[in-house]
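Novice: Please read through the structure below; I'll follow up with questions.
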Amino acid sequence: MLMGKVTGTIVSTRKCEALIGSKFLEVQLIKNGVESEQYIIAVDSVGAGIGEQVLLTTGSGARLALGDVNTPTDAVIVGIVD
């Protein structure tokens, strides 16, 4: 699992049918409590917003987080840090 900070939204005019209605967010990764220079694009599954710290899962766990193992995604936001 990864931690990051939402820095922006991504707009896609065309996307895979399984992802229609999904919100894509740009997330700056946090490593050892420090914001890194690495970013990742993730599908939002919890209603996160810009400026919030979030938890992400990647790989096959990301597909499972969306409830469909056939959804083509590699990163999903699964939690908001309080």
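The values are calculated or read from the model by the stated rules, or taken from the named source; none is laboratory data. Model, not experiment: these values are computed from the prediction. Every residue, glycine as well, gets a Cβ built from its backbone with ideal geometry; the counts of neighbours run over all protein chains shown. Surface areas here come from the heavy atoms of the whole protein model, side chains and all, with no ligands, DNA or RNA. Shrake-Rupley method; radii C 1.70, N 1.55, O 1.52, S 1.80 Å.
Novice: Using 19 Å as the cut-off for backbone N distance, which residues of region 1-30 belong to the label zone defined by a point 7 Å from the Cα of residue 60 along Cα→Cβ?
Specialist: Within reach of a label on residue 60: 1-2.
Novice: Can you give the local net charge around residue 54? Use residues other than it whose beta-carbon is closer than 14 angstrom to its beta-carbon, Lys and Arg +1, Asp and Glu -1.
Specialist: So the surrounding residues net to -3.
Novice: Got the relative contact order for region 1-70 handy, in percent, Cα pairs under 8 Å and 6 or more residues apart?
Specialist: 38 percent
Novice: Still on this structure, I have one more. Residue separation times 0.36 nm, minus the C-alpha to C-alpha distance between residue 31 and residue 68: what's the value?
Specialist: 10.4 nm
Novice: Also, I was wondering about something else. Sum -39500 (n - 2.57) across every DSSP H segment of at least 4 residues in the chain, then divide by the residue count to get the 222 nm mean residue ellipticity, nearest 500.
Specialist: The per-residue figure over the chain is -1500 deg cm²/dmol.
Novice: In the chain, if the dipole is taken from +1 on Lys/Arg beta carbons and -1 on Asp/Glu beta carbons about the Cα centre, which of 81, 71, 53 is farthest to the positive end?
Specialist: 71
Novice: Round to a whole number: what % of the accessible area of the chain belongs to carbon and sulfur, probe 1.4 Å?
Specialist: Reported share for carbon and sulfur atoms: 49 percent.
Novice: Of [x] 19, 61, 20, 1; [y] 20, 54, 24, 2; [z] 15, 44, 28, 10, 3, 0, which is the value of P(r) over Cα pairs in 10 Å bins from 0, in percent derived from the coordinates here?
Specialist: Calculated P(r) over Cα pairs in 10 Å bins from 0, in percent: the matching label is [y].
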